[in-house]
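K.L.:
Structure below; questions to follow.
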Amino acid sequence: MLRPQLPAAERLLPHLRKIDATRVYSNFGPLALEFGARLAHHFGLPETGVVVASSGTAALIGAILATAGRASPEKPLAVVPAFTFIATASAAEACGYRLRFVDVDREDFELDPKRLLAEHDLDGVGLVIPVGAFGQAVDQAAWKKFRDKTGIAVVVDGAACFEVVTSSPSHTLGEIPVALSFHATKSFGVGEGGCALTRDVNLAMRMARAINFGFFGSRDCQSANINGKLSEYHAAVGLAELDGWAEKSHALLSVAEGYRSALKGTSLLERFLAAPQVASCYALIRCETATDAQRLERALAGNGIGFRRWYGAGLHLHSYHAGLEREALPVTERLADSLVGLPTAPDLAASDILLVADTLNAAIGRERRA
Ligand SMILES: *Cc1c(COP(=O)(O)O)cnc(C)c1O
């Protein structure tokens, strides 16, 4: 349903030849440094404001260890939205936190810092991880206010937020760290990779240390840590992906536009969600009911079209997380029941888009046959 397309072998070759010449394969080598510096320029951050990492999850863990640190008996809890990809929870748990799942806002599918502050008992909470759902912006200023008021560490899971951070750096970046994923399925991808972004250079140093065995400038381990370093090979893909980003981004945006024009004049256009409202790797349809979503999935499968509930049924319903603390989750449950991910690819053919649109209309369009 999503066919990623990363830089072709010949585009990697000039970068790979540099690795042959330097014989440096990891440990913040020249390509990782160049990739970090070019990303910093791309986002308008100081060069030291980008910490490249081996995955989005590694970047999240680095950001957690560098802000909240590991869970403690006084602060054992991490608040995470129930409506997200599993990695949000995995990162908090890897740092020792017990998870508490809370519901998201029905408009933007994200945690609301004001509601959290007003309605929640935050005793024992050491960490909050707001998520940029489907690559939407997370309001940096609102979360900084929350952090300053409560003293609770905040780390943004902005895994799919490459594009919104590019277009709105002043709204999305600041002292609160933001972790991006460069997984193959994200708009901007390197295979496996990620980075953590911040305007706080001291925090950036602590994050770089946390993903490098606690080492910084010496071989003395100075902090809680993992090995979350980006290899030179993945940095090579990142450099080639940056070289071709304008073209890839344009192709992905055209797919979103293609869907919109195919749905124009139907009742489904207002239920369709794609770039630029969300990251360009997502094309989503919000069904009216759970029954509609199931009917749609049967129709898509019948036409040989892939689909995905990107965030599954919600984190609380994974077997490993059964029985964990949570509030009532009506919005998460509704979204999980009704939001269906449709095919995307930078080279998705116009005829494929039309077939998906026809299938949507036949299955859940208002004009469908009874
Ligand atoms: C993709 C994604 C991740 C995981 O990133 P990896 O690079 O695969 O570790 C985390 N959180 C969210 C919300 C994601 O969409």
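Yes/no per residue for (1) outside any helix (DSSP H, G or I); (2) open to solvent by less than 70 Å² (accessible area, probe 1.4 Å):
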position	(1), (2)
Glu175	yes, no
Met207	no, yes
Gly217	yes, no
Ala224	yes, yes
Ala246	no, no
Ala251	no, yes
Val255	no, yes
Ala262	no, yes
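K.L.:
Assuming Ile226 fulfils every condition listed in (1) within 12 Å of the ligand (Cβ to nearest atom); (2) in contact (Cβ under 8 Å) with a residue 40 or more places away in the chain; (3) not aromatic (Phe, Trp, Tyr) apart from one, which condition is it?
P.N.:
(1)
K.L.:
Another one. Inspect all residues belonging to the range 97-106 and state whether any of them is in a helix (DSSP H, G or I) and either at pLDDT 95 or above or buried (at least 22 other Cβ atoms within 10 Å of the Cβ) (or both).
P.N.:
no
K.L.:
While we're here: Tell me, which helices (runs of 4 or more DSSP H) lie completely within the range 1-82 with 1 or more residues that are open to solvent by less than 20 Å² (accessible area, probe 1.4 Å) and without any contact (Cβ under 8 Å) to a residue 60 or more places away in the chain?
P.N.:
30-43
K.L.:
Looking only at the range 226-244, which residues are in a helix (DSSP H, G or I), under 30 Å from Cys95 (Cβ atoms) and open to solvent by 30 Å² or more (accessible area, probe 1.4 Å)?
P.N.:
The answer is Tyr233, His234.
K.L.:
Here is a further query. If you take the residues in the range 177-196 that are within 8 Å of the ligand (Cβ to nearest atom) and buried (at least 24 other Cβ atoms within 10 Å of the Cβ), which one is nearest to Thr344 (Cα to Cα)?
P.N.:
This residue is Lys186.
K.L.:
Check off (1) touching a strand residue (DSSP E or B) at 6+ places or on another chain (Cβ under 9 Å); (2) of a type in the set (Asp, Glu); (3) away from the ligand (no atom under 16 Å from the Cβ) for Asp112 and give me the number that stays unchecked.
P.N.:
Just one mismatch for Asp112, condition (1).
K.L.:
Of the conditions (1) more than 16 Å from the chain's Cα centre (by Cα); (2) open to solvent by less than 10 Å² (accessible area, probe 1.4 Å); (3) within 16 Å of the ligand (Cβ to nearest atom), Ala94 fails just one. Which one is it?
P.N.:
If we test Ala94 against (1) more than 16 Å from the chain's Cα centre (by Cα); (2) open to solvent by less than 10 Å² (accessible area, probe 1.4 Å); (3) within 16 Å of the ligand (Cβ to nearest atom), just (2) comes out false.
K.L.:
Condition test on Phe83, is it in contact with a helix residue (DSSP H, G or I) (Cβ under 7 Å, 6 or more places away or on another chain), away from the ligand (no atom under 12 Å from the Cβ) and of a type outside the set (Lys, Arg)?
P.N.:
Against the criterion (in contact with a helix residue (DSSP H, G or I) (Cβ under 7 Å, 6 or more places away or on another chain), away from the ligand (no atom under 12 Å from the Cβ) and of a type outside the set (Lys, Arg)), Phe83 does not qualify.
K.L.:
State which residue is nearest to Ala279 (Cα to Cα) when the search covers only the range 118-142 and only residues that are within 16 Å of the ligand (Cβ to nearest atom), hydrophobic (A, V, I, L, M, F, W, C) and assigned to a helix (DSSP H, G or I).
P.N.:
That would be Phe134.
K.L.:
Wholly within the range 265-370, which helices (runs of 4 or more DSSP H) include no fewer than the required count, namely at least 2 residues that are over 24 Å from the mean Cα position of the chain (by Cα)?
P.N.:
Once the helices (runs of 4 or more DSSP H) in the range 265-370 are filtered for at least 2 residues that are over 24 Å from the mean Cα position of the chain (by Cα), what remains is 290-302, 350-364.
Here is a yes/no grid of residues against (1) touching a Phe, Trp or Tyr at 6+ places or on another chain (Cβ under 8 Å); (2) assigned by TED's automatic domain parsing to the domain that holds Gly174; (3) within 23 Å of Asp337 (Cα to Cα):
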{"site": "Ser72", "(1), (2), (3)": "no, yes, no"}
{"site": "Val80", "(1), (2), (3)": "yes, yes, yes"}
{"site": "Phe83", "(1), (2), (3)": "yes, yes, yes"}
{"site": "Cys95", "(1), (2), (3)": "no, yes, no"}
{"site": "Leu111", "(1), (2), (3)": "no, yes, yes"}
{"site": "Leu117", "(1), (2), (3)": "yes, yes, no"}
{"site": "Asp121", "(1), (2), (3)": "no, yes, no"}
{"site": "Pro130", "(1), (2), (3)": "yes, yes, yes"}
{"site": "Gly135", "(1), (2), (3)": "yes, yes, yes"}
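The values are calculated or read from the model by the stated rules, or taken from the named source; none is laboratory data. Just so it is clear, the model here is predicted, and its values are computed rather than measured. Glycine gets a Cβ as well: all are built from the backbone with ideal geometry, and neighbour counts include every protein chain shown. Quick note on the areas: whole protein, heavy atoms, side chains included, nothing else; ligands and nucleic acids left out. Shrake-Rupley method; radii C 1.70, N 1.55, O 1.52, S 1.80 Å.
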